[in-house]
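A quick write-up on the structure given underneath.
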Amino acid sequence: MNRPVHVAITRTVKSGCETSFEKAVLKFFAQSQKEEPPLGAQLLRPLPGTQSRTHGILRSFDSEQDRETFCESEHFQRWLKEVAPLVEGDYSRRDLNGLEAFFDEPTRIQEPPLWKMAVVTWLGVWPTVFTVSSLGGRWLLSGWPFWLAVGIETLAVVAILTWGVMPVLNRWLKPWLMTHLGAQA
């Protein structure tokens with residue numbers, strides 16, 4: 001089973017080229033929906049009032065293969081050339097893995113409140129740790145050196161959370177996670 005792949009890209013925009021860059025990104029998003037459809041794309045602007053010229057782009061794909069196909073596509077390579085006069089240097093790309101990707105909603109700028117992410121994380125971690133500790137600590141790993149048993153248990157917890165519990169909780173609780181101050185985000 002493939003799981004979505006999330007990528008964070010940053011570009012430093014030349015002073016005075018911010019509006020042109022943002023228009024180029026939004027145009028690129030619209031075109032890429034037709035040519036190589038990602039799960040979602042989002043432009044993150046620097047905070048107003050800051051001196052930062054670094055823009056972020058979040059993209060989500062169905063799989064690593066889809067991401068690589070997109071990054072190697074003529075469409076993407078043309079876009080890199082098109083925005084080259086508007087930016088300083090090359091782009092940086094970082095794959096989002098782990099908990100930050102679970103709470104990413106590609107079409108939104110704001111993430112859920114930290115307290116809601118903490119509640120969902122706790123709802124996943126607590127029963128998983130309890131179950132793994134009960135099974136591993138009492139039956140399967142009894143008699144093993146403590147440090148090794150804890151290491152194996154935490155490895156199992158992380159794997160179960162990453163590929164099982166957190167994706168399911170995020171899907172089930174998404175409406176609640178995305179509701180801010182009584183309004184649907």
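The values are calculated or read from the model by the stated rules, or taken from the named source; none is laboratory data. These figures come from a predicted structure and were not determined experimentally. Glycine also receives a Cβ, built like all others from the backbone with ideal geometry; neighbour counts cover every protein chain displayed.
Residues are listed down the side, and each one gets a yes or a no for (1) of a type in the set (D, E, K, R); (2) closer than 18 Å to M178 by Cα; (3) modelled with pLDDT of 75 or more:
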residue: D104; (1), (2), (3): yes, yes, no
residue: W122; (1), (2), (3): no, yes, yes
residue: W126; (1), (2), (3): no, no, yes
residue: G136; (1), (2), (3): no, no, no
residue: W144; (1), (2), (3): no, no, yes
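Residue by residue, here is whether (1) surrounded by fewer than 16 Cβ atoms within 10 Å (Cβ to Cβ); (2) farther than 30 Å from M166 by Cβ; (3) in contact with a Gly (Cβ under 8 Å, 6 or more places away or on another chain) holds:
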position: A41; (1), (2), (3): no, no, no
position: L44; (1), (2), (3): yes, no, yes
position: S73; (1), (2), (3): yes, yes, no
position: E82; (1), (2), (3): yes, yes, no
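Determine whether F28 is free of Cβ contacts under 8 Å to residues at least 40 places away in the same chain and either outside any helix (DSSP H, G or I) or surrounded by 13 or more Cβ atoms within 10 Å (Cβ to Cβ) (or both). Break it down stepwise before answering.
Numbers: free of Cβ contacts under 8 Å to residues at least 40 places away in the same chain: no; either outside any helix (DSSP H, G or I) or surrounded by 13 or more Cβ atoms within 10 Å (Cβ to Cβ) (or both): yes.
Here the answer is no, as F28 does not meet what is asked.
Among the listed residues L80, L47, identify the single one that is assigned to a loop (DSSP other than H, G, I, E, B) and under 21 Å from R94 (Cβ atoms). Let's see the steps before the verdict.
Numbers: L80 fails: assigned to a loop (DSSP other than H, G, I, E, B).
Within the list L80, L47, the selection yields L47.
Any residue in the stretch 42-66 that is without any contact (Cβ under 8 Å) to a residue 40 or more places away in the chain sitting within a Cβ distance under 7 Å of a residue that is among the aliphatic types (A, V, I, L, M) and surrounded by 15 or more Cβ atoms within 10 Å (Cβ to Cβ)? List the pairs, counting only those 6 or more apart or interchain.
Listed by first residue and then by second, the contacts come to L43/V25; L43/I57.
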